[in-house]
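Reviewing the structure listed below.
The values are calculated or read from the model by the stated rules, or taken from the named source; none is laboratory data. The model shown is predicted, which means the values in this text are computed figures rather than measured ones. Methodologically, a virtual Cβ is constructed for each residue, glycine included, from the backbone with ideal geometry; neighbour enumeration extends over all protein chains shown.
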Amino acid sequence: GAGVSQSPSNKVTEKGKDVELRCDPISGHTALYWYRQSLGQGLEFLIYFQGNSAPDKSGLPSDRFSAERTGGSVSTLTIQRTQQEDSAVYLCASSQHLNTEAFFGQGTRLTVV
Amino acid sequence: DAKTTQPTSMDCAEGRAANLPCNHSTISGNEYVYWYRQIHSQGPQYIIHGLKNNETNEMASLIITEDRKSSTLILPHATLRDTAVYYCIVRASSTSGTYKYIFGTGTRLKVLA
């Protein structure tokens, strides 16, 4: 596609359930980033990928959060045993290379009830 | 921690130039200055980036001081659609640094009719 695509755009889940958020980067982009933004807050870095490997996963808030990228393309962010504080917009971005500008998707709004 | 300091908010009259300042006094020689903006409820949008020379594209101009400790983003003819939060980010460009973008609190620009 022309831009970074994220799905679903909205997700409501019950506390304690697992969720998977998907990111389709721009075709050919080797780097992929995940961020989250809580209501009224700034962007919080979670993890980035170069190809299928994650050189920096320092922003993952707990071991309930994990991410993978396969085939150097699609990435999935998984949150296990969701908590209410996980409610946020989860944003994905991709760039052609690590040292070029990144382009963001429109995010997945996750609500944990 | 964000390495930049920006004013919390600014107003600009429609049709006038918007000049958004950013201080990055601890910037390293291999770090670029990036600007993104986020319009309400959307993913961040890339605007421009630079290392030490001034840069211009169809959206904006970036003026970096000679000592690289500060920069200014210029929107030459602001429109109501430029109302957004503008983020100034410094980011490593070599393999010795992490490539994550660290977003601060940004400047909330309001363009007035």
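Here are A:K11, A:K17: which of them is surrounded by 14 or more Cβ atoms within 10 Å (Cβ to Cβ), over 10 Å from the mean Cα position of the chain (by Cα), more than 25 Å from B:R37 (Cβ to Cβ) and among the basic types (K, R)?
The match here is A:K11.
Please tell me if B:S41 is within 14 Å of chain A (Cβ to nearest Cβ), part of a loop (DSSP other than H, G, I, E, B) and out of contact with any Asp or Glu (no Cβ under 8 Å at 6 or more places or on another chain).
Yes: the conditions hold for B:S41.
Taking the range B:31-48 as the region of interest, how many residues are touching a residue at least 40 places away in the same chain (Cβ under 8 Å) and either crowded, with 18+ Cβ neighbours inside 10 Å or closer than 16 Å to B:T4 by Cα (or both)?
Number satisfying all stated conditions: 9.
Here is a check on your reading of the model: is A:A31 in contact with a Lys or Arg (Cβ under 8 Å, 6 or more places away or on another chain), within 14 Å of another protein chain (Cβ to nearest Cβ) and either among the aromatic types (F, W, Y) or within 18 Å of A:H97 (Cβ to Cβ) (or both)?
No: the conditions fail for A:A31.
Take the residues of the range A:34-51 that are at negative phi and surrounded by fewer than 16 Cβ atoms within 10 Å (Cβ to Cβ): which is farthest from the other protein chains (Cβ to nearest Cβ)?
Looking at residues that are at negative phi and surrounded by fewer than 16 Cβ atoms within 10 Å (Cβ to Cβ), I get A:S38.
Within the range B:4-36, which residues are in contact with a Lys or Arg (Cβ under 9 Å, 6 or more places away or on another chain), of a type in the set (S, T, Y) and part of a strand (DSSP E or B)?
B:S9, B:Y32, B:Y34
Select from the range B:56-81 the residues that are among the hydroxyl-bearing types (S, T, Y) and part of a strand (DSSP E or B) and list them in ascending order.
Scanning the range B:56-81 gives B:T56, B:S61, B:S70, B:S71, B:T72.
Just checking, which of B:R108, B:R68 is out of contact with any helix residue (DSSP H, G or I) (no Cβ under 9 Å at 6 or more places or on another chain) and farther than 14 Å from B:N19 by Cα?
B:R68
From the list B:S96, B:S28, pick out the single residue that is at pLDDT below 95 and surrounded by 14 or more Cβ atoms within 10 Å (Cβ to Cβ).
B:S28
So how many residues does the range A:52-83 have that are in a loop (DSSP other than H, G, I, E, B), within 11 Å of the chain's Cα centre (by Cα) and surrounded by fewer than 16 Cβ atoms within 10 Å (Cβ to Cβ)?
Qualifying residue count, the range A:52-83: 1.
Among the residues that make up the range A:91-113, is at least one of them of a type in the set (S, T, N, Q), assigned to a strand (DSSP E or B) and under 9 Å from the mean Cα position of the chain (by Cα)?
yes
Test B:T26 against the stated conditions and say whether it is among the hydroxyl-bearing types (S, T, Y) and either more than 14 Å from chain A (Cβ to nearest Cβ) or closer than 25 Å to A:S94 by Cβ (or both).
Considered against the rule, which asks whether it is among the hydroxyl-bearing types (S, T, Y) and either more than 14 Å from chain A (Cβ to nearest Cβ) or closer than 25 Å to A:S94 by Cβ (or both), B:T26 comes out as yes.
Which of the residues spanning the range B:61-77 are surrounded by fewer than 21 Cβ atoms within 10 Å (Cβ to Cβ) and not polar (S, T, N, Q)?
B:I63, B:E66, B:D67, B:R68, B:K69, B:I74, B:P76, B:H77
Could you run through the range A:31-51 and say how many residues are among the hydroxyl-bearing types (S, T, Y) and outside any strand (DSSP E or B)?
The qualifying residues number 1.
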